[in-house]
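Read the structure below first, then the notes.
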Amino acid sequence: MIEVLEQFAPHQEELRGRLIRCCVAVLLTSIVAYLCKDELAAWCMRPLYLAYPQMGKLVYTKLTDAFLSYLKLSLLVGVAAAFPYLLYQIWLFIAPGLLEREKRTVRTIVLWASLLFLAGAAFAFFVALPRMLHFFMSYASPTLQPMLKLGLYLTFTARMALAFGIAFEIPFLMVMATRAGLLKSNHFRQKRIPFYIAIAVLSFLLTTGEITATVLLALPLFALYEAGIVACRMFGSRRNPLPDQTTAS
């Protein structure tokens with residue numbers, strides 16, 4: 001047991017160092033986001049006013065609500081802004097166990113993963129969110145006036161963008177699983193129905209049970225899953241399989 005711990009000690013030090021770098025990156029980006037909190041809040045509220053022009057000002061009912069709302073928004077924006085760097089640190093931690101030619105693909109992998117994350121966040125903000133807000137605000141009437149809280153709305157908007165961004169990483173994770181030899185390239189094609197069910201459940205959980213948001217998230221994820229199957233065929237089988245022990249001996 002002691003020998004195992006001693007062998008794992010260098011990896012613990014490296015993991016600790018990379019976690020510290022990730023925390024510092026998120027902290028710095030969150031500070032920058034907090035300095036621009038008014039602009040970020042106005043940008044997040046723009047779809048709401050477009051969906052319901054009669055909306056007045058958002059409210060907060062506790063003294064600390066506004067501060068905590070801006071703090072949460074800044075943290076979520078900070079995580080999103082630091083995402084490429086976080087992914088880069090994760091990849092560098094895994095890289096020592098990979099082949100030399102696979103290490104050279106780190107820039108391409110980080111680039112594609114970052115683009116997928118940004119595409120998911122953009123899809124949430126420019127496609128899904130306006131339709132969701134238009135649907136929800138359609139219940140307003142002369143006898144039913146919406147009075148939205150600042151904190152709940154900003155958290156909802158940032159959470160949706162973050163959830164969509166993470167969910168759009170499906171093709172990237174599929175290719176990484178096949179390249180690492182964890183799964184075969186045809187595994188996702190054979191297990192399509194169970195994964196479709198898992199995507200539907202994941203969409204339901206990420207959107208906290210809102211049916212409209214669940215549908216808007218699940219449909220592009222189904223398309224991304226199919227794109228991941230194609231990507232696994234093209235890029236997922238580059239690592240040479242390990243020789244069989246019986247044949248080697």
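The values are calculated or read from the model by the stated rules, or taken from the named source; none is laboratory data. No experiment lies behind these values; they were computed from the predicted model shown. For accessibility, only protein heavy atoms count, side chains too; no ligands or nucleic acids. Shrake-Rupley method; radii C 1.70, N 1.55, O 1.52, S 1.80 Å.
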Practice task
Report the accessible area of Tyr52, computed with a 1.4 Å probe over the heavy atoms of all protein chains in place, in Å² rounded to the nearest 10.
Solution key: 30
Fill in the blank from the handout: With all protein chains in place and a 1.4 Å probe, Lys37 shows an accessible area in Å² (nearest 10) of 50
Exercise for the section: Kindly identify segment 31-72 as rounded, prolate or oblate by the Cα gyration tensor criterion: order the square roots of the eigenvalues as a ≥ b ≥ c, call it rounded if a/c is under 1.5, otherwise compare a/b with b/c, prolate if a/b is larger, else oblate. Expected result: oblate
Problem - Proximal lysines to Lys149, defined as alpha-carbon separation beneath 27 angstrom and excluding residues fewer than eight positions away on the same chain - result: Lys37, Lys57, Lys62, Lys72
Handout entry: Solvent accessible area, Å² - Leu27, 1.4 Å probe, full protein context
Key = 100
